[in-house]
Each structure stands twice: as C-alpha cells, then as structure tokens.
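Working notes, structure below.
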Amino acid sequence: MKKRISLLFIVRRSLRQHALSTLITTLSIALGTGLVMAVIGIKSQSVAAFTGGRIGFDAVLGARGSPLQLVLNTVFHLETSPGNIPWAMYQTMKDDPRVELAVPYALGDNFHGFRIVGTTGTLFTKFEYRDGVRFQAQGGGRFFDPTRQEAVLGNYAARKLGLRLGDNFTPYHGLVFDESMRHDEQYTVVGVLEPTNSPSDRVIWIPIEGIYRMEGHVLRGDGEDYVAQPGQEIPDEHKEVSAVMLKFRNPQIGFIMDATINKQGKVATLAWPIGAVMARLFDKIGWMNQILALVSYLVIVVAGGSILASIYNSINERRREFAILRSLGARRKTVFAVIVLEAASIAALGVIMGFIVYGAIFTAASAIVRAQTGIVLDLLKLHPVFVIAPVCVILLGTIAGVVPAVKAYRTDVATNLTPIS
Amino acid sequence: MPLLTITDLQKAYVSPEGSQTHIIDIPHFEMEEGSQIALRGTSGVGKTTFLNLIAGILGADSGRIIIADEEMTALSESGRDRLRAIHIGYIFQTFNLFAGYTALENVMLGMMFGKGIDAGFAQHLLERVGLGDRMGYRPSQLSVGQQQRVAVARAVANRPHLVLADEPTGNLDRHHANEAIALIREICAENNAGLLTVSHDEEILGQFEEATDFAQVNRA
C-alpha cells in the first residue's frame, strides 16, 4: 500500500512539473467528456419531455392536415395553427362517453410573443398536466371568470412579461408579435399559475368567448362569416375552435377514433397518440443528434491523442529521471506504471472537469429549451452516460498512456545516469 | 562472511561495427562487511561499468556477484532491481537528484523501492549531513556541496549493506571534496554499510587506509 501511495506521489509531482501540458490535455478531455454527456443527456431528456407522459392529453383533434403541426401548435405552443374546426365537433367529443376530458383551444393572438389561448374553465378544474396534479393559481390569484375579460398567466410568461395580479394588458393579433396588430380589448390578470415546468408556463389563458369577441375576429363555424356583436350571445353554429384537447377513458378508444376520424373522415385530423407523433419528429431529426454525438466522440479521441503526444514528448527529457528511479531500485514495470497512471490521472481529472463542462453546456441549453418551449430540463437527472462516458474516457486515457509507457519502460539505465553534456 | 564476493566476472560491449570490447574481466574481488575500499582508476577503464554490475543495473556476461549472501548474477532484471533496492546505495558524480523534489522528498524516494518509507529516518539523515534547515529546498536552491550531501543521505536512506560511490567528489572543489568523502565514510560507518569508492583523485584516495589500482583488479 505504501508503495502505491508513493507512485501516486510521483505521478502528482510529475503532473505539476508539466503543469501547462497537463492543464491543456485535461481541458481537452473535459471538453470532450462534457460534450458527450451533454449531447446524450440533453437529447434523452428532451425526447422524454416531448414524447413522454407529462403532457396530460392523449390526442388532439384539429383541422385536416399534419398531426405534427397540430401537436406542436397546441401541446407545445409552437408552430402555426393548421386552421379551425366547428364548435359542434368539440361538443360531440365533450358528450362522447368514451372521452374523459375534452378541452377546446382557440388560438390566434399573442402578447409580446407569448401566446394567448382561449379555453374553458375545464382546463383548470379537470385537466391534470401530470398524474394527479392540476394547475394551481399562486397566492391571491384565481382562475378567470368566463364571462369577463380576465386572464390567467403561465408562470414563465408572467415573469418574463413582468405582469402581476391586477395588471392590464391588450392582446395583439397573430401568433407572432407585431406592434401594429394591437387589439383594443383590455384584459386583467387575475391569476398567475404555479410553475409546471411544461409548455403551459409560457401561455396566457383567457376565456374562449374572449377570442370570439376580440375585435376583428371573424368566425366561420358554419362556413359563413360572422362577427360577434357586443351584448349578443354567439350562436353555437358560428363558433369555432383551433383544436380540441382530448383524454380518453382507455387506449382502445384512440384506435377507434383514429380509424373513424383519420381514415374514414375528411374534415378533421386526430393527432394520436401525442407521444408517437413527437417521436416520429425526433426520428426524423435523429441524424442531427448523431452528428453532434459523433463530433463529441471525435473531441474525446483527439483529447486522448493529446495525452499520448504530450506524455510521449516528455519521455526524452525524463529519461534520466527514470534511470535514477531505476538506480534506486524501481523496476521497469514500476516506471511503466508511473506513466500509465499519469495518463489515467489526466483522464480522470479531465472527467471531473467534464462534469463542470456538462453543467455549463446543460445550463445554457436548458435555458434555451425553456425559453423556446417552457419545458424545464433537469441538470441532475441521472443517465447511464454519466457512468459510461467517464469510465470509457479514463480507459481511453489509460490506453493512451501505454505507448509512452513502453518508451519509458525501454529506458536504458546505465547510459542515462550520466547527463549528456 | 564477506559482504561482496565476485568471481570470474566478465562484461563486453558490442561496438556499432559489431566488434566486441572486453571491458571487465575480474577473476576475484572481495569485500568484508562494513569495510571501506577505494579503487584508483582513470576514466574509461570500466569503473562505472564495474559498479553498475555490482548494483545489478547491468547484467554480467558471465561470472558471479554475491552480495549479502544473495547472488546478483543469478537473478532476472527485476530480481536485480529488488536486490539493489534492498542492499545497495549509490552515490553519483553528478548526484542525480530529482529536480522537482525537495531534499527530504529526494531522500524519501531512496526508501520507496526497498524497505519502505520512514520519514523520521529521512529527516534524521538530513540533519546528520547538516541540512536540517534545508529539508524543503529543491536541488536548484542548494549549493553543489549541499546537493552532494542530499545524495549521500539518500544513498544510506534504505539502510543498505553496501554503498557504491562513483567519483563522488568529481563535481566539488578541493575543500568540499575532502569534507564530502569524510562525511560519506562516517555515514557509512554509522549505518554499518560497506563503502566501495572509485576515483581518480589521489587526495581522495589518500583518505582511505588502502587504495587499490583498479587495473590490478580488472584484467581487461
């Protein structure tokens, strides 16, 4: 045991003596390891977040078109709306006993880039964005009154917009913010939701009636243009919705609805199951992730090569040191072990710093993902890559040490004990 | 029982042209336990090769070297390394200290491959050679004479039976050389180690009771 401690002592001293090259090789290992862990970790978490069960709905019913567009538009509040469907379709769904929950969405307005979604109070009273968890208004807030011009803000939207309870704002027409498209209606913030770490955090919810009555909005629920009049009730046949968010009583219903709406029907599209629709998107862009992963593997290989090169180059100047060690009784394999340990130590140090690099990349990436989608990625979520990558990198570093170690192993003692002058 | 017995030791070098040069041919050489022997020889007569053979750094072509009852020449390279670590201390003309290590660490490295590290003994040795206040200094921060004293302390750090000194004062001025050789002799005696010195310096050789011509030992 004593001997091993001493070997590490020699290794540590040698690393310090070659501090600059140690630092550079360590940093390159850190960069490579951090990149690999970040690319794989972020990918795994994003795929899980976008395709997994944290969505709360099983399917989206919307206008005939791309299911992916429908899902992106309604679940993740990205992309444009493919069009509207009549209110009657929402009612049919709502009354269908096989449907556990049907929530209408009406889209088309924003406030400084944050989407305004018109919906009903069901979203707050029945919808569970995670099993057993409903939207909660933060202290003092409440959900909107469907007959008033009131708004409930997602947590992230409220924070970014600086809106608080009691503040007023006016919506802008369109999904993209345009100064000239301001509506005249004023809305009052009556609630700010607790953070959900989901896309809903970026949404401004208002009563669906509000969307219908927004000045300049034309309803075409029955194919004819209709403009809501103040004080008059809007007949159901004129109403329309951008999408109906659905939760089924059991998975088989999705099969049946998929057949009746998508295969036999012509007017609407049922995006189901939502996870699978998103998974197909990730399959399509999977190559991009592969390239990123490949690049980070390459960085590791180059870093491994730099361990090899930097130690190999130092062997010549250290021949005398090895000869002295041998003259003190060190065996050839001890000298070999010193060099291999040195390479492994650089790799291990690099791996430790790699976690810092991972943290930095992850934090930056998750800030972007959050700003774009509202989804919050968890820095500390464990993934096998946090074990596999370090082990592989340390192994690679150790192997990289073998070449210079062989050179050191071959050092001739007698000829290297006297300095060459 | 003798500390060191050498019989029919042969060593030849093969030149790049392929011709063999016999450099060592020693029929018999013996050293008693704790004795101090000086060998006289100019450079190029195989003195260093002789010491390297005894230390097991070089393998002999033929013949036997027996140190403290163990036959160096019968062992593999790693076996010779082990024997050297346990039984032999080596003092070089160029000191061969580790530049990146302090005086104390240099002495401790001398213990590392043998009987184990004893920091207290290492400190004691440095105090003994007058470097008690220089233990944390690196070789570059020490004078040449001080560096040699660190090397002397290191040579006996592992309580060896035999200390080999190869022109131990070659890099020192006259005054320091005389001091150094006296110190080496004292330290070896104190630690019950035999001392085998090779030098071409008559004044150094004169300090020993007896100095033998290396040419008388080596027939090559």
Pairs under 6 Å by beta carbon, first residue facing another protein chain (nearest Cβ under 7 Å) in region B:91-120, partner in a loop (DSSP other than H, G, I, E, B) and surrounded by fewer than 23 Cβ atoms within 10 Å (Cβ to Cβ), six or more apart or different chains?
B:Thr94/A:Pro419
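Scan region A:169-194 for residues that are in contact (Cβ under 8 Å) with a residue 60 or more places away in the chain and touching a helix residue (DSSP H, G or I) at 6+ places or on another chain (Cβ under 7 Å) and jot them down. Reasoning before the result, please.
Here is the first cut: in region A:169-194, the residues in contact (Cβ under 8 Å) with a residue 60 or more places away in the chain are A:171-177, A:183.
Those that are in contact (Cβ under 8 Å) with a residue 60 or more places away in the chain and touching a helix residue (DSSP H, G or I) at 6+ places or on another chain (Cβ under 7 Å): A:Tyr172, A:His173, A:Gly174.
Name the residue that is farthest from the other protein chains (Cβ to nearest Cβ), counting only residues in region B:41-61 that are closer than 18 Å to B:His28 by Cα and hydrophobic (A, V, I, L, M, F, W, C). Give the steps one after another, and end with the answer.
Within region B:41-61, the first condition is being closer than 18 Å to B:His28 by Cα, and the residues that meet it are B:41, B:45-56, B:59-61.
From the residues that got through so far, the ones that are hydrophobic (A, V, I, L, M, F, W, C) too are B:45, B:50-51, B:53-55, B:60.
Values: B:Val45: 16, B:Phe50: 12, B:Leu51: 10, B:Leu53: 10, B:Ile54: 12, B:Ala55: 7, B:Ala60: 13 Å.
Applying the filter and picking the extreme gives B:Val45.
Is it the case that some residue within region A:356-371 is more than 14 Å from every other protein chain (Cβ to nearest Cβ), farther than 27 Å from A:Ile307 by Cα and either basic (Lys, Arg) or touching a Lys or Arg at 6+ places or on another chain (Cβ under 6 Å) (or both)? Reasoning before the result, please.
First pass over region A:356-371, keeping only residues more than 14 Å from every other protein chain (Cβ to nearest Cβ): A:356-371.
From what is left, the residues that are farther than 27 Å from A:Ile307 by Cα are A:363-371.
Next, from what is left, pick out any that are either basic (Lys, Arg) or touching a Lys or Arg at 6+ places or on another chain (Cβ under 6 Å) (or both): A:370.
Yes, that holds for at least one residue.
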Given A:Ile24, A:Ile42, which one is among the β-branched types (Val, Ile, Thr), part of a helix (DSSP H, G or I), buried (at least 19 other Cβ atoms within 10 Å of the Cβ) and at pLDDT 90 or above?
A:Ile42
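Here's the yes/no breakdown for (1) buried (at least 16 other Cβ atoms within 10 Å of the Cβ); (2) at pLDDT below 95:
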{"residue": "B:Glu127", "(1), (2)": "no, no"}
{"residue": "B:Gln141", "(1), (2)": "no, no"}
{"residue": "B:Val144", "(1), (2)": "no, yes"}
{"residue": "B:Arg159", "(1), (2)": "yes, yes"}
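So if I check each of A:Ile274, A:Ile311, A:Ile361, which one is touching a Gly at 6+ places or on another chain (Cβ under 7 Å), among the β-branched types (Val, Ile, Thr) and surrounded by 22 or more Cβ atoms within 10 Å (Cβ to Cβ)?
Values: A:Ile274 fails: touching a Gly at 6+ places or on another chain (Cβ under 7 Å); A:Ile361 fails: surrounded by 22 or more Cβ atoms within 10 Å (Cβ to Cβ).
None of the others qualify; the one that does is A:Ile311.
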In the list A:Ile315, A:Ile352, which residue meets the criterion of being more than 12 Å from every other protein chain (Cβ to nearest Cβ) and farther than 30 Å from A:Ala38 by Cβ?
A:Ile315
Which condition does A:Arg164 not pass, out of (1) touching a strand residue (DSSP E or B) at 6+ places or on another chain (Cβ under 6 Å); (2) surrounded by fewer than 22 Cβ atoms within 10 Å (Cβ to Cβ), if it passes all the others?
(1)
Hey, B:Leu142 hits all of (1) more than 25 Å from A:Arg319 (Cβ to Cβ); (2) out of contact with any Pro (no Cβ under 9 Å at 6 or more places or on another chain); (3) away from chain A (no Cβ under 13 Å) but one; which does it fall short on?
(1)
For A:Val71, are the conditions met, namely being surrounded by 19 or more Cβ atoms within 10 Å (Cβ to Cβ), touching a strand residue (DSSP E or B) at 6+ places or on another chain (Cβ under 9 Å) and not in a helix (DSSP H, G or I)?
no
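The values are calculated or read from the model by the stated rules, or taken from the named source; none is laboratory data. These figures come from a predicted structure and were not determined experimentally. Every residue, glycine as well, gets a Cβ built from its backbone with ideal geometry; the counts of neighbours run over all protein chains shown.
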